[in-house]
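Asker: I have a structure I would like to understand better, so I am pasting it below and will then ask my questions one at a time.
The values are calculated or read from the model by the stated rules, or taken from the named source; none is laboratory data. Keep in mind that this is a model prediction, so the values were computed, not measured. Virtual Cβ from ideal backbone geometry, glycine too; neighbours counted across all protein chains shown. Accessible surface is based on the protein model in full, side chains and every heavy atom, while ligands, DNA and RNA are left aside. Shrake-Rupley method; radii C 1.70, N 1.55, O 1.52, S 1.80 Å.
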Amino acid sequence: MPRNLAALTGFAWKSNRFFCENLAVQDLARQFGTPLYIYSRAALERSVGDYLRAVSGTRNRIFYAMKANANLALLELMVRQGCGFDIVSGGELAKALAAGCPANRIVYSGVGKTCAEIEAAIKAGIHCFNVESEAELERINEIAGRLGRIAPIAFRVNPNVDAKTHPYISTGLKNNKFGIAYDAAVKLFKRAASDEFPHVRVTGIDCHIGSQITEADPFIHAAEKVIDIVQKLEKAGIRLEHIDFGGGLGVCYGDETPPTPKKLIECVQFVCLKRGIENVALYFEPGRSLVANAGVLAMSVQYVKPTQTRNFCIVDAAMNDMIRPALYEAQMEIVNTVKDGQEDAKKWDVVGPVCESSDFMGRDRILSVKAGDVLAMTGAGAYGMSMASNYNCRMRPAEVIVDGDKAYLVRERESTEDLLRHETTLPD
């Protein structure tokens, strides 16, 4: 499924070696060890800039979906550029604030917000809650009242739009757990805007239909359906300040051809203008499309194991470090970071050491490899480290950001002490 590696901003081949900006990935692997997440500052800043330029000079805003990658250094770089954050937990709230993000640039999504999380967000003064159920509305109103505050809210509406993506990352169909049922939305908006809920203020409407969406049509379809609700609310005297179209724009892992951020935003804006929606701010919550292609996962080949039926290339990265291939059947390019002496390429399954047959980085990959080689999985900046675990009592990888010819360790590799720190044995 080879991809065009030249399309990766921040990564390139130089003299048969794979580089992140001005540093060879192989050298970084030797310096910091593997498995290792490597991010390009230039690639990150370009992807953020693409979105921010697309909304420049308007009331429209960009909120990065932190779940894609919550490394503190990456977050701080985004804050510097003017990005806001879309969060889904109290931990993400704490990290967003620690990265220097003003609370009024934070929106809070998620179906299971706890009382403690809601209270912390209200006290911080976040921009808006994206409310996903009637029960959550009641909880936010009660907590805001107890704190003597007015909580700004938007309802996340489920538009029942098929995003044509993997079922695990499709979130806009009526059988998904997310959002308010489309047909019930207007009634709930009216109730929230009534005197029954004096401690909330309805400011907007939100939708999010899925992830890794590579066509504009699902976004356009969702926009049409959301605007139907907006116009019904206007007739009822409820004027919204913003429409949040969520995130979900896909990236090129193989031969996908997703629209650019500018094209996507223009498509949605066109629908709004066509329908007479002019004085409402448009919000977007990109995640994957900001960070996926800004990162690679470096791994070292431990053994090569040819068999009668399959050739196995056993590396030191595993499904606990990068779960996307096992969980989503994700296809991500894997390259040997040195091309010299690579004439004997053949088909390999690149697998890890975890005791699961699902522990693979890629299957049927044409590679020339030997023990000691350093491989790189591209497109690994999103949903890699953020979904990493300690399965099999493995320590999570280190993370490095490359800035030109300098590399900064922004997360240390976990140690055995880290693994044991929060556990105790029983007394005799």
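Asker: Right, Ser40: at pLDDT 95 or above and open to solvent by 10 Å² or more (accessible area, probe 1.4 Å) or not?
Answerer: no
Asker: Determine which single condition Asn22 fails, assuming it passes every other condition in (1) surrounded by fewer than 20 Cβ atoms within 10 Å (Cβ to Cβ); (2) within 25 Å of the chain's Cα centre (by Cα); (3) modelled with pLDDT of 95 or more.
Answerer: All conditions pass for Asn22, except number (2).
Asker: State all residues of segment 96-124 that are more than 25 Å from Ala135 (Cβ to Cβ) and in contact with a Cys (Cβ under 9 Å, 6 or more places away or on another chain); if no residue qualifies, say none.
Answerer: Within segment 96-124, Cys101, Arg105 meet the criteria.
Asker: Follow-up. For segment 253-320, please list each of the strands (runs of 3 or more DSSP E) lying entirely inside it that holds at least 2 residues being loosely packed, with under 14 Cβ neighbours inside 10 Å.
Answerer: Strands (runs of 3 or more DSSP E) meeting the threshold: 295-306.
Asker: May I pose another question? Among helices (runs of 4 or more DSSP H) lying entirely in segment 1-107, which contain 1 or more residues that are more than 21 Å from Val251 (Cα to Cα)?
Answerer: Fully inside segment 1-107 and qualifying: 25-32, 72-81, 90-98.
Asker: Oh, and also: Quick check, is Asp244 within 14 Å of Glu285 (Cβ to Cβ), among the charged types (D, E, K, R) and modelled with pLDDT of 95 or more? Write out each step before concluding.
Answerer: Working: within 14 Å of Glu285 (Cβ to Cβ): yes; among the charged types (D, E, K, R): yes; modelled with pLDDT of 95 or more: yes.
Criteria met by Asp244.
Asker: When you scan segment 374-418, how many residues do you find that are closer than 20 Å to Val301 by Cβ, more than 21 Å from the chain's Cα centre (by Cα) and hydrophobic (A, V, I, L, M, F, W, C)?
Answerer: Of the residues in segment 374-418, 3 are closer than 20 Å to Val301 by Cβ, more than 21 Å from the chain's Cα centre (by Cα) and hydrophobic (A, V, I, L, M, F, W, C).
Asker: Now a separate question. Tell me yes or no: at least one residue of segment 242-250 is buried (at least 21 other Cβ atoms within 10 Å of the Cβ), touching a helix residue (DSSP H, G or I) at 6+ places or on another chain (Cβ under 8 Å), in a helix (DSSP H, G or I) and not acidic (Asp, Glu).
Answerer: No; the residues of segment 242-250 include none that is buried (at least 21 other Cβ atoms within 10 Å of the Cβ), touching a helix residue (DSSP H, G or I) at 6+ places or on another chain (Cβ under 8 Å), in a helix (DSSP H, G or I) and not acidic (Asp, Glu).
Asker: In the set Phe19, Phe85, Phe63, which member is farther than 27 Å from Leu375 by Cα, hydrophobic (A, V, I, L, M, F, W, C) and free of Cβ contacts under 8 Å to residues at least 40 places away in the same chain? Even if it seems obvious, please write down each step before you answer.
Answerer: Working: Phe19 fails: farther than 27 Å from Leu375 by Cα; Phe63 fails: free of Cβ contacts under 8 Å to residues at least 40 places away in the same chain.
Being farther than 27 Å from Leu375 by Cα, hydrophobic (A, V, I, L, M, F, W, C) and free of Cβ contacts under 8 Å to residues at least 40 places away in the same chain holds for just one of Phe19, Phe85, Phe63, which is Phe85.
Rundown of residues vs (1) farther than 19 Å from Tyr283 by Cα; (2) at pLDDT below 95; (3) hydrophobic (A, V, I, L, M, F, W, C); (4) surrounded by 23 or more Cβ atoms within 10 Å (Cβ to Cβ), yes/no style:
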| residue | (1), (2), (3), (4) |
| --- | --- |
| Ala65 | no, no, yes, yes |
| Ile87 | no, no, yes, yes |
| Lys95 | yes, no, no, no |
| Asn104 | no, no, no, no |
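Asker: Consider segment 373-394. How many of its residues are surrounded by fewer than 17 Cβ atoms within 10 Å (Cβ to Cβ) and either assigned to a strand (DSSP E or B) or not polar (S, T, N, Q) (or both)?
Answerer: Total satisfying the criteria: 2.
Asker: Can I ask one more? Would you point out the residue of segment 334-356, among those that are at pLDDT 95 or above and not in a strand (DSSP E or B), that is nearest to Gly379 (Cα to Cα)?
Answerer: Looking at the filtered set, the residue picked out is Thr337.
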